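Take a look at the structure set out below.
The values are calculated or read from the model by the stated rules, or taken from the named source; none is laboratory data. Small disclaimer: the values here were computed from a predicted structure and weren't measured. No Cβ is skipped: glycine too gets one built from the backbone with ideal geometry, and neighbour counts run over all protein chains shown. Quick note on the areas: whole protein, heavy atoms, side chains included, nothing else; ligands and nucleic acids left out. Shrake-Rupley method; radii C 1.70, N 1.55, O 1.52, S 1.80 Å.
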Amino acid sequence: MELIHETTYQAAAKVSDVIETHFLKHLAAAKENGEEDLACLPDAKIVEKIIDVAFWASLRKEEGTSTKISLAFLKPSQAGKPLLFERRLPLNSKVLSKLAPGVERAGVHVGIWHDDGELYIWGTTIKLPNYCFVLDVSEPALLVVKQRRIIGLGKFTNVAVLRGDQVKVVDENTGLLPDSPAILTSLLGLSSSALWSDPVNVLIQIAVGMRAHGRGGILLVTPSAHENWRASIIHPLQYAVHPAFTGVTDLVQRDCGKASDIYWQNALKREVENITGLTAVDGATVINDRHSLLTFGAKIARADYSTPVEQMQFMEPVIGGSPILIHPSSIGGTRHLSAAQFVHDQHDALALVASQDGYFTVFSWSEQAQVVQAHRIDVLLL
């Protein structure tokens, strides 16, 4: 198909070929594996125009509110029972900004298809085929390209993030590196589970909540088999929890087989919000690997038996984000240095750090490299 469209957002042209190649690879692999209900491939020109129009729409406001909208490339016959417009709407920034207030709810997508060299809007849908191209307009000049997962909590995997003239394309191979934490491999779609009760999925929900409250915070995840973590915390604890609060733990254990129950999911969401809210308190929130809350507002200190952390391996799961050895203070302030020191002391623990500016970093220990590793994963949480 030949689209007659002059791109004015240069990042759209820069990333379109890479995105087409990504979807081509995944759709071909899914077809070879016998998967069904697969989306149509969006070619580079289609990707370029959708991104270009969406970018300019993101800068428009309707009654003082910025445009937030989710666009999906599919024909109506792939959408289950879609909401169809009587007449096609042209795909342009003005139409998107006018339409956005009515479709900005989570799970609602504006359907886009093509005819005679033109892209058009045909209606809305809540059902998408597997590996469907989705573009979320999250805030002014911030666009996230996603694909519909076949399995996995959250239903989508991020493919690329465009913020103004900055483009980051997710590198799935990052999750194949030795000692990659499970939260990273799950977000990359390499080890996804469809169960809400899956321990990693619960941790992802907590991470999303931590980033969403915008205040910054630290979450320490420690083994339930012992309490060695206490050697790396200043005592007495100001907000110690006794007995450990097991709101999330009880739900996961009791209703593991009822993960599709909407009432159970809402209950889990409320319990997760209990934990994420506490991460906004100055200091670290500590849970164990069963998601039981142990304390919050805790101050991290170097264990008596340990040494100061001097370097760590930093990486981002994007193309060009190769691992580099740096001092923890190079990527942030006290939170990042404290989290790196905690993992340096407690090798079997995990530290999640949310920054007020939206960055999100996971600290873990690499047995192979014998060093703290820090994965910046905010591009996967958007």
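Being open to solvent by 20 Å² or more (accessible area, probe 1.4 Å), closer than 14 Å to residue 72 by Cβ and out of contact with any strand residue (DSSP E or B) (no Cβ under 8 Å at 6 or more places or on another chain): is that true of residue 127 here?
Working: open to solvent by 20 Å² or more (accessible area, probe 1.4 Å): yes; closer than 14 Å to residue 72 by Cβ: yes; out of contact with any strand residue (DSSP E or B) (no Cβ under 8 Å at 6 or more places or on another chain): yes.
Against the criterion (open to solvent by 20 Å² or more (accessible area, probe 1.4 Å), closer than 14 Å to residue 72 by Cβ and out of contact with any strand residue (DSSP E or B) (no Cβ under 8 Å at 6 or more places or on another chain)), residue 127 qualifies.
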Kindly evaluate residue 186 against the criterion of being more than 20 Å from residue 313 (Cα to Cα), among the hydroxyl-bearing types (Ser, Thr, Tyr) and either in contact with a Cys (Cβ under 6 Å, 6 or more places away or on another chain) or modelled with pLDDT of 85 or more (or both). yes
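Output the residues belonging to the range 63-83 that are in a strand (DSSP E or B) and under 18 Å from residue 143 (Cα atoms). Steps first, answer last, please.
Residues of the range 63-83 that are in a strand (DSSP E or B), as a first pass: 65-66, 69-73, 83.
Those that are in a strand (DSSP E or B) and under 18 Å from residue 143 (Cα atoms): 65, 66, 69, 70, 71, 72, 73.
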Of the residues in the range 274-291, those that are assigned to a loop (DSSP other than H, G, I, E, B), over 21 Å from the mean Cα position of the chain (by Cα) and farther than 14 Å from residue 238 by Cα come to 290
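Those residues that are surrounded by fewer than 19 Cβ atoms within 10 Å (Cβ to Cβ) and either outside any helix (DSSP H, G or I) or in contact with a Leu (Cβ under 8 Å, 6 or more places away or on another chain) (or both), I need them from the range 12-26; list them, please.
Here is the first cut: in the range 12-26, the residues surrounded by fewer than 19 Cβ atoms within 10 Å (Cβ to Cβ) are 13-14, 17-18, 21, 24-25.
Hit for the range 12-26 is 24, nothing else.
Could you tell me whether any residue of the range 18-29 is out of contact with any His (no Cβ under 9 Å at 6 or more places or on another chain), assigned by the TED database to the domain that holds residue 156, of a type in the set (Ser, Thr, Tyr) and touching a residue at least 24 places away in the same chain (Cβ under 8 Å)?
Residues of the range 18-29 that are out of contact with any His (no Cβ under 9 Å at 6 or more places or on another chain), as a first pass: 18-29.
Narrowing the set further to residues that are assigned by the TED database to the domain that holds residue 156 leaves 18-29.
Remaining after also requiring of a type in the set (Ser, Thr, Tyr): 21.
Adding the requirement that they be touching a residue at least 24 places away in the same chain (Cβ under 8 Å) leaves none.
Checked against the condition, which is being out of contact with any His (no Cβ under 9 Å at 6 or more places or on another chain), assigned by the TED database to the domain that holds residue 156, of a type in the set (Ser, Thr, Tyr) and touching a residue at least 24 places away in the same chain (Cβ under 8 Å), the range 18-29 yields no hits at all.
Can you tell me how many residues within the range 220-241 are in a loop (DSSP other than H, G, I, E, B) and without any contact (Cβ under 8 Å) to a residue 24 or more places away in the chain? Full working, then the answer.
Of all residues in the range 220-241, those in a loop (DSSP other than H, G, I, E, B) come to 223-227, 234-238.
Filter again for without any contact (Cβ under 8 Å) to a residue 24 or more places away in the chain, leaving 225-227, 235-236.
Qualifying residue count, the range 220-241: 5.
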Counting only strands (runs of 3 or more DSSP E) entirely within the range 308-382, those with at least 2 residues that are open to solvent by less than 30 Å² (accessible area, probe 1.4 Å) are 312-315, 350-354, 360-366, 371-376
Exactly one of 84, 96 is surrounded by fewer than 22 Cβ atoms within 10 Å (Cβ to Cβ), more than 16 Å from residue 156 (Cβ to Cβ) and modelled with pLDDT of 95 or more, and that one is 84
Residue 42: passes all of (1) under 18 Å from residue 91 (Cβ atoms); (2) surrounded by fewer than 21 Cβ atoms within 10 Å (Cβ to Cβ); (3) not aromatic (Phe, Trp, Tyr) but (2)
If you go through 331, 326, 300, the only one that is in contact (Cβ under 8 Å) with a residue 60 or more places away in the chain and in the same structural domain as residue 215 (by the TED database) is 300
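Do you know which of the residues in the range 99-124 that are assigned to a strand (DSSP E or B), within 16 Å of residue 83 (Cβ to Cβ) and not hydroxyl-bearing (Ser, Thr, Tyr) is most open to solvent (accessible area, probe 1.4 Å)?
For the range 99-124, the residue satisfying everything is 113.
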